[in-house]
Amino acid sequence: MAVSSLAEQQRIDQLQMRGIVKQFPGVLAVDHVDFEVRAGEIHALLGENGAGKSTLMKILYGLYHADEGAVLIDGVDTAIRSPYAAIQRGVGMVHQHFMLVPSLTVAENVALGLKSSRGWRLDLDVVSKRLNELSERYNLKVDPNVPVWQLAVGEQQRVEILRALYKGAALLILDEPTAVLTPQEVDELFQVLEQMTADGRAIIFISHKLHEVLRISQRITVLRDGRRVDTIPTSGATKATLAEMMVGRPVVLEYEQQPSNRGGERLHLNDVSALSNRGELGLKEVSLTIYGGEIVGVAGVSGNGQTELAQVIAGLRPTKGGTIAIDGKDVTGKPPSQLQLLGLSYIPEERMEDGVIKEFTCAENFVLQDHGRKPYVSAGFLLNLRAITDACRDAIRQYEIKTPGTETPIKSLSGGNIQKLVMARELSRHPQVLIAAQPTRGVDIGASEYIHQRLLDERRQGTAILLISEDLDEIMALSDRIAVMYEGRIVGIVPRAQATVRQIGAMMAGAELEVS
Amino acid sequence: MIENILAPSVFATCLRLATPYLFAAIGEMFGQRSGVLNLGVEGIMLMGAFFAHYVVLSTGSLLLGVIGALIAGLVMGIAVAFVNVTLKAEQGISGIGVYLFGLGMSELLFKTLVGTPRSVSGFPPLHIPVLSDIQFLGIGQIFFQHNLLVYVAFALVPISAYVLRRTPLGLMIRAVGQNPEAADAMGISVTRVRYMTVIFGAMMAGLAGASLSIALLNVFQQNLTSGLGFIAIALVYFGRWRPFGVMLGALLFSFVNALQLQISAIGIDVPSEFAVMAPYVITIIALVFASKQTEKPTALTKPFDRGE
Ligand SMILES: Nc1ncnc2c1ncn2[C@@H]1O[C@H](COP(=O)(O)OP(=O)(O)OP(=O)(O)O)[C@@H](O)[C@H]1O
Ligand SMILES: [Mg+2]
């Protein structure tokens, strides 16, 4: 069994990174950082978007090479020059952006790069069998024979974690593994992690959710702008102190709920159905009305139709029945470009795939949909580059997006910063109807606070907002009404004032709304 | 009339003519599955054809001829891989350079070393015992009276399919062509895999050349391949990056070629341009209606860079 014993593998009692420096064009991403992790420990790494967490970990995993500094395993200077060397040395990593091949099945993705037990022939049946054992044991359900592209994001995350478990690393790096998990899934993951540390493994855990870090870790290292602020034992830390260490100033962690100023009917869905990627009915006769000046939160376990719901409204997925209306006008089947003209904005959950063009610069991505509109064109057809740059620079300042400049290719920004840019772009268009899917996934607390404030501002200005999130805290903090999805249906809509976390959680697991 | 046109000999010719397409296209398919488009197949085929022919001419050994073609392919393949994978060249352009190099170089070598076209005695037909005597529907003549390279080329198809589907190597190739970042993160060397497939592809292109110059035509002359290598690239697309699809395309092409030969042999007057065009028209139509569900490697023509 791969995971139960470490005997067959190398152990890592202590791993130290010393004086690590990594310079990217225009950014000193990691600046003389010392970091240490020991067997049996969960060491959390905290920091704002762009603080250098992923970069530091990619150096440890051999993906990037440090300009300066050393890695010591059990006191011995060990150069890890490639992911292959890392895997050989017992270091595993679950990446922030999924490292799965969409066209391959789950089992094939796991078998990728592993020695086959049958030499030159693949042993997918063996892999599937062990995978099933693991997923049963850790309660991480996946079907080994499904191609990965058919899986929802949360399920893909499960595959990533399972794959790491399968390989059974002595040191496991988890770069924001909980960003796409539901509270229940997080609980399950934490049990797995605790079991792993009890086995004598070392774990590095990155998350923007402070309560998770406080709950699971023994020590916390905080990075800011590439430098290590401090390493502290978790027992002495609180949310407020951590937030302040990360951001460098006190942060608002709770919002005031102002009564909603409900306007007219803006978005109306009537019995809308749609197919999922798998070709099954992923959205089943959903009816929903959102009024101006209101935030409707959609809660649910990943893969219960939320993605389909957002995409259907945004015009990116065809309907299989039912109608969608904006301001009373039937828009069923209209393409995204027309919906945008009617005032619809969409913040997609898969920002790397659906939100940006990776090779484009920040400025180009910022005007992706609006390049044909004032003030970004002059003389009717020429791009007004100055106006584009200015608008993008404003957004970068307002949203505190960390980037060397407007001309930097967006793919070299950190995950959270890409999300901020997409958010800035969509809100800059002052939408009438806003679909925000996981708007703060992978975003640090400082920026989450800002994004939440902006959503509340939009609400005050009369925008109808559909907020889809797996972060129940976020839903509870912002929504006026909460719709819970289960197996493609909305199983109930509860006004915020009457909702409790327990009740919503139960509905997410399929319980009907109890009318009290 | 129809019996004349669709004589067993036409089908036998069809299989023979499919050989160079199969070698070249299956080889090219491997490169593409890992994300590298080698447009220089034609040039490599010419080099392979020349060396095979020249070696047989000088030594009389067919085995050495085949080895010569494989080595020519190997050397060209290393160059192609270096330019496309290590130097990350624009693949649509570098391939044209490879083609022109092979075209010019094979001609130069031919003129200096051989001079005028001379024929060699190439691979003789191998009559497979018993099977080659089957008279029913001409099966013996169609399938079991070919030279060795024909059998090898057709054997390559199921072997390739097996390698891609059922071996760790095939899995790596597919992963590298679909998501090189992911393959890289799993400890697979994207560079190494791409070198392997490109070099293998080039060696198969060399063999494709040999199948012309020491098995099918038994002569070498300037621009012997006349576009065959480019058709092989189109066949990869036609076959949707699947070995059996590629085979289907190769058979379709060579069947039209064989028909053309037969029609002119029995003296029917059809403009030969028509027969030359037909396969291309068929390909385009097939591509338009082909299922969108393909194995097209998403990273095709995209050099890999960790972005460090
Ligand atoms: N490949 C790269 N090329 C250029 N710059 C990069 C590259 N990768 C990261 N950076 C820059 O290095 C800095 C640190 O990025 P990193 O991804 O490590 O941040 P992070 O702490 O993981 O942030 P997040 O919480 O958003 O994931 C950022 O300013 C980012 O723009
Ligand atoms: Mg990161």
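Summary table below
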{"read-out": "Packing-based ranking, highest mean first, of B:233-244, B:155-166, B:259-270 given that Cβ atoms within 10 Å are counted", "value": "B:233-244, B:155-166, B:259-270"}
{"read-out": "Candidate lysines - alpha carbon under 17 Å from A:Lys129, same-chain residues fewer than 8 apart omitted", "value": "A:Lys115, A:Lys141, A:Lys167"}
{"read-out": "Residues in region A:181-210 reached by a label modelled at A:Arg502 [backbone nitrogen below 16 Å; 7 Å Cα→Cβ]", "value": "none"}
{"read-out": "Set of region A:75-91 residues, backbone N closer than 14 Å to the point 7 Å along the Cα-Cβ line of A:Val126", "value": "none"}
{"read-out": "Förster-model FRET efficiency, 41 Å R0, A:Glu41 and B:Asp305, C-beta, rounded to 0.05", "value": "0.75"}
{"read-out": "CD proxy at 222 nm, helix term only [per DSSP H run n ≥ 4: -39500 (n - 2.57); per residue of chain A; nearest 500]", "value": "-9000 deg cm²/dmol"}
{"read-out": "Inter-probe distance in nm under a simple model that places probes 7 Å from Cα toward Cβ, at A:Asn261 and A:Thr238", "value": "3.5 nm"}
{"read-out": "Protection proxy ranking, peptides A:216-222, A:229-235, A:47-53, average beta carbon neighbours within 10 Å, highest first", "value": "A:47-53, A:216-222, A:229-235"}
{"read-out": "For region A:265-508, with +1 on Lys and Arg beta carbons and -1 on Asp and Glu, the positive-most of A:Ala274, A:Pro335, A:Gly416 along the dipole", "value": "A:Pro335"}
{"read-out": "Nitroxide proxy distance, nm - points 7 Å out along Cα→Cβ at A:Leu214 and A:Arg227", "value": "2.7 nm"}
{"read-out": "Top of B:Thr225, B:Thr116, B:Thr298 by mean-square fluctuation, Gaussian network on chain B, Cα under 10 Å", "value": "B:Thr116"}
{"read-out": "At R0 = 56 Å, FRET efficiency that the Cβ-Cβ distance of B:Ala278 and A:Gln369 yields, to 0.05", "value": "0.80"}
{"read-out": "Averaged over B:164-174, number of beta-carbon atoms from partner chains that fall within 10 Å", "value": "5"}
{"read-out": "Antiparallel bridges, percent of DSSP beta bridges restricted to chain A (to nearest 5)", "value": "55 percent"}
{"read-out": "Furthest towards positive pole of dipole, A:Leu100, A:Gln195, A:Gly113, structure part region A:6-247, Cβ charges", "value": "A:Gly113"}
{"read-out": "Entries in A:Lys53/A:Lys420; A:Lys334/A:Lys358; A:Lys358/A:Lys420; A:Lys411/B:Lys302; A:Lys53/A:Lys411 that, when Cα-Cα distance is taken, lie over 21 Å", "value": "A:Lys334/A:Lys358"}
{"read-out": "Net +/- balance of residues flanking B:Lys88 in space, Cβ distance below 13 Å, scoring K and R +1, D and E -1", "value": "+1"}
{"read-out": "Highest-MSF residue in chain B out of B:Leu207, B:Leu131, B:Leu39 [GNM, Cα springs under 10 Å]", "value": "B:Leu131"}
{"read-out": "Positive-pole candidate from A:Gly52, A:Phe360, A:Pro233, dipole of chain A, charges at beta carbon", "value": "A:Phe360"}
{"read-out": "Electrostatic dipole magnitude of the protein assembly as shown [Cβ: Lys, Arg +1; Asp, Glu -1; Cα centre; debye, to 20]", "value": "1280 debye"}
{"read-out": "Protection proxy ranking of B:77-90, A:438-451, A:330-343 - average other beta-carbon atoms within 10 Å, highest first", "value": "A:438-451, B:77-90, A:330-343"}
{"read-out": "Peptide A:114-121 - average C-beta neighbours from other chains (10 Å radius)", "value": "3"}
{"read-out": "FRET efficiency, 1/(1 + (r/R0)^6) with R0 51 Å, evaluated for B:Leu64 and A:Gln16 via beta carbons", "value": "0.30"}
{"read-out": "Antiparallel bridges, percent of DSSP beta bridges restricted to region A:265-508 (to nearest 5)", "value": "55 percent"}
{"read-out": "Average Cα contact separation per residue, chain A, under 8 Å, 6 or more apart, as relative contact order %", "value": "16 percent"}
{"read-out": "Dipole in debye (nearest 20) - region A:6-247, about Cα centre, beta carbon charges: Lys, Arg +1; Asp, Glu -1", "value": "360 debye"}
{"read-out": "Cα long-axis angle, helix A:183-198 against chain A (0 to 90 degrees, to the nearest 10)", "value": "10 degrees"}
{"read-out": "Computed magnitude of the charge dipole of region A:72-139 (debye, nearest 20; Cβ of K, R +1, Cβ of D, E -1)", "value": "160 debye"}
{"read-out": "Spacing of the two label points (7 Å from each Cα toward its C-beta) at A:Lys411 and A:Ala387, in nm", "value": "3.0 nm"}
{"read-out": "Residue-averaged [θ]222 nm for chain B, counting only DSSP H segments that reach four residues, each worth -39500 (n - 2.57)", "value": "-22500 deg cm²/dmol"}
{"read-out": "Residues listed by number, region A:307-349, amide nitrogen under 20 Å from A:Ser287 label point at 7 Å toward C-beta", "value": "A:309-310, A:312-313, A:319-333"}
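Laboratory data are not the source of any read-out in this text; all were calculated from the coordinates shown. Computed from a predicted model, the values in this text were never measured in an experiment. For neighbour counting, all protein chains shown are included, and Cβ atoms are generated from backbone atoms with ideal geometry for every residue, glycine included.
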